[in-house]
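Remarks on the structure that follows.
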Amino acid sequence: MKRISCYFILALMIVSLLSGCNRDQKSIAQLIEEGNQLYNQGKYQEAINIYQSGLTVNSGNQQLNYNLANALYRLGKYKESLSYYNQATKDKEVYMNIGNVYKMLGDQSKQLAEKIKNYQEALNNYKSAIKLDMNDKELKFNYEYVNKLLRELNDKQQNKQDNKKKEENKDNQEKKQDNEGKEDSQDKKQQNKENSQNQNTKQQNQSDKQKQQDNKGAEEKESKSSGDSQTKENKEDGKQEESAKESSIKEEDGKLDQKKLQEAFSILQALEKEEEDSLKNNQKIKKPGDNQGDKYDW
């Protein structure tokens, strides 16, 4: 009896689980239908809420992910829509819509490199969609249009890079010229410094040479002056010697003259005495005729 009761309870549990799964499946289908009605009415945010509630029950449902991505795209939430498109099965419609998302992101991009990257992703997805349907004209139009935009941006980027390179070359050239100018200026300063030092050295040498010449001239002048003084002294000494000699000669001459005078005076005195004596001995009066026998009258 107890075993029968256990089987009965187990059966009830299995039936309950199966009925729960049926209710869940029915609920997701109803949510998709309800969400689609709101989407078609342009009530995208309400449709998003319905789709998201369905994904809480079954996050891997392809239709819910795709419809939710479309609703987000309609509201301009492009990046957010990408994550749901990537959860959906990749068919032509999904590739085309992903391409449209990247095209819109490229339009919104401010940076040139980012814009080019998004347009390139759009082209890649359009190309994948075209491979699945070569006759889809809308796909081909989108591809050609974005490809044209991409070529223009690539040309613009190339021109920008060329201009940047030119600017860099110009800056490098200017820096090079500035450096060369600075080097030339430094070389000139160094040359001027060396010239100034050489000039100062030359002037110093000339000054030293002039001093040497002046010193030599002064020495020669001093030597000459000393020689002249010595010569003058010698001349004066000579004059003094000559004067002394003359004085000596004069003194000697004077002595000789004095001696001669004395001798002459002595002779004269002797003669006078002799004459006086002679007069004393012969003193008489002459008479006329006394001197007839004499030839001369003494």
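A few remarks follow.
- Of the residues screened, Tyr126 is one that is in contact with a Gly (Cβ under 9 Å, 6 or more places away or on another chain) and of a type in the set (Ser, Thr, Tyr).
This table checks each residue for (1) surrounded by 15 or more Cβ atoms within 10 Å (Cβ to Cβ); (2) of a type in the set (S, T, N, Q); (3) in a loop (DSSP other than H, G, I, E, B); (4) under 50 Å from the mean Cα position of the chain (by Cα).
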{"residue": "Tyr73", "(1), (2), (3), (4)": "yes, no, no, no"}
{"residue": "Ser83", "(1), (2), (3), (4)": "no, yes, no, no"}
{"residue": "Tyr95", "(1), (2), (3), (4)": "yes, no, no, no"}
{"residue": "Glu114", "(1), (2), (3), (4)": "no, no, no, yes"}
{"residue": "Gln120", "(1), (2), (3), (4)": "yes, yes, no, yes"}
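- Per-region count, the range 97-112, residues of a type in the set (Val, Ile, Thr) and either part of a loop (DSSP other than H, G, I, E, B) or in contact with a His (Cβ under 7 Å, 6 or more places away or on another chain) (or both): 0
- Lys175 vs. criteria surrounded by fewer than 17 Cβ atoms within 10 Å (Cβ to Cβ) and on the phi < 0 side of the Ramachandran plot: yes
- Odd one out for Gln157, checked against (1) out of contact with any helix residue (DSSP H, G or I) (no Cβ under 6 Å at 6 or more places or on another chain); (2) over 28 Å from Lys92 (Cα atoms): (1)
- The range 125-137 - residue that is without any contact (Cβ under 8 Å) to a residue 12 or more places away in the chain and assigned to a helix (DSSP H, G or I) and, of those, farthest from the chain's Cα centre (by Cα): Lys137
- Subset of the range 39-59 [in a loop (DSSP other than H, G, I, E, B) and either under 18 Å from Gln87 (Cβ atoms) or touching a helix residue (DSSP H, G or I) at 6+ places or on another chain (Cβ under 7 Å) (or both)]: Asn58, Ser59
Quick note: the coordinates plus some simple rules give every number you see, no bench work behind them. None of the values given here were measured: they were computed from a predicted structure. With ideal geometry, Cβ positions are generated from the backbone for all residues, glycine too; neighbour counts draw on all protein chains shown.
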